[in-house]
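Asker: Mind having a look at this structure? Questions to follow.
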Amino acid sequence: MSQSGLEMTLRVVDIVEGTSVDGPGLRTSIYFGGCMHHCPGCHNASTWPLDSGEEMTVEQLMEFVDRAGLPVTFSGGDPLLQIDSLIPLARDIRSRGLSIWLYTGYTFEQILTSPSLSRILPLVDVIVDGQFKIDLRDTALLFRGSSNQRLIDVAHWLSTSTIRQWTPDF
């Protein structure tokens, strides 16, 4: 028997309401468990195990999102490892008119060529892509840790099929 979207579960390590480090303005950041990239120097290495965190339903996560009423950031770990359950969560968030940022170790090009992962594209505003590379670490960068990572404006890509970096309007 298949689960409804609200009953689907995701591994969640932490939820931080009102953070300003994972995208513009105050946001609710959801840190998902599981990552296969294992980037040396990762500041969230505790999220690597696939069984890290606790299982939460989409409905439980939406209670946090609704209470805060803020835009949402998916981080981790790598949220895309849980793509089948991430899609219903993203749909529910978008149905409330909230923006979504997604941090992933995959490159945008890898996402585009994956029929499974590319399903997330219409549901997110910005993807911060690429593995963290300690030799390219730059603490002056906005919303990312190393210079190989990009802030991809997904809406622009969806309308033009060209990759453009997101730029702040502040």
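Asker: I'd like to check something: does the stretch 93-111 contain any residue that is touching a strand residue (DSSP E or B) at 6+ places or on another chain (Cβ under 9 Å), surrounded by fewer than 14 Cβ atoms within 10 Å (Cβ to Cβ) and not acidic (Asp, Glu)?
Answerer: From the stretch 93-111, those touching a strand residue (DSSP E or B) at 6+ places or on another chain (Cβ under 9 Å) are 93-94, 98-111; that's our starting set.
Add one more test, that the residue is surrounded by fewer than 14 Cβ atoms within 10 Å (Cβ to Cβ), and what stays is 109.
If we keep only those that are not acidic (Asp, Glu) as well, we get none.
Among the residues of the stretch 93-111, not one is touching a strand residue (DSSP E or B) at 6+ places or on another chain (Cβ under 9 Å), surrounded by fewer than 14 Cβ atoms within 10 Å (Cβ to Cβ) and not acidic (Asp, Glu), which makes the answer no.
Asker: Consider Asp129 carefully, then state whether it is out of contact with any strand residue (DSSP E or B) (no Cβ under 6 Å at 6 or more places or on another chain) and of a type in the set (D, E, K, R).
Answerer: Details: out of contact with any strand residue (DSSP E or B) (no Cβ under 6 Å at 6 or more places or on another chain): no; of a type in the set (D, E, K, R): yes.
No; evaluated as a whole, the condition is false for this residue.
Asker: Turning to a different aspect of this structure: What's the total number of residues in the stretch 5-35 that are touching a residue at least 60 places away in the same chain (Cβ under 8 Å) and either outside any strand (DSSP E or B) or aromatic (Phe, Trp, Tyr) (or both)?
Answerer: The initial filter retains those residues of the stretch 5-35 that are touching a residue at least 60 places away in the same chain (Cβ under 8 Å), namely 5-6, 8-11, 13, 21-24, 27, 35.
Now restrict to residues that are either outside any strand (DSSP E or B) or aromatic (Phe, Trp, Tyr) (or both): 5-6, 8, 21-24, 35.
The number of residues fulfilling the criteria is 8.
Asker: How about the stretch 76-170: which helices (runs of 4 or more DSSP H) wholly inside it have at least 2 residues that are touching an Asp or Glu at 6+ places or on another chain (Cβ under 8 Å)?
Answerer: Numbers: elements: 83-95, 108-112, 154-160.
The qualifying helices (runs of 4 or more DSSP H) are 108-112, 154-160.
Asker: Within the stretch 49-69, is even one residue open to solvent by less than 10 Å² (accessible area, probe 1.4 Å) and under 19 Å from Trp166 (Cα atoms)?
Answerer: Within the stretch 49-69 (the criterion being open to solvent by less than 10 Å² (accessible area, probe 1.4 Å) and under 19 Å from Trp166 (Cα atoms)), the answer is no, since none of the residues qualifies.
Asker: If you check Ile134 against the conditions, is it open to solvent by 50 Å² or more (accessible area, probe 1.4 Å) and either touching a residue at least 12 places away in the same chain (Cβ under 8 Å) or under 27 Å from Ser95 (Cβ atoms) (or both)?
Answerer: Working: open to solvent by 50 Å² or more (accessible area, probe 1.4 Å): yes; either touching a residue at least 12 places away in the same chain (Cβ under 8 Å) or under 27 Å from Ser95 (Cβ atoms) (or both): yes.
In short, yes.
The values are calculated or read from the model by the stated rules, or taken from the named source; none is laboratory data. What you are looking at is a predicted structure, and each value in this text was computed from that prediction instead of being measured. Using ideal geometry, Cβ is built from the backbone for each residue, glycine included, and neighbour counts are taken over all protein chains shown. For accessibility, only protein heavy atoms count, side chains too; no ligands or nucleic acids. Shrake-Rupley method; radii C 1.70, N 1.55, O 1.52, S 1.80 Å.
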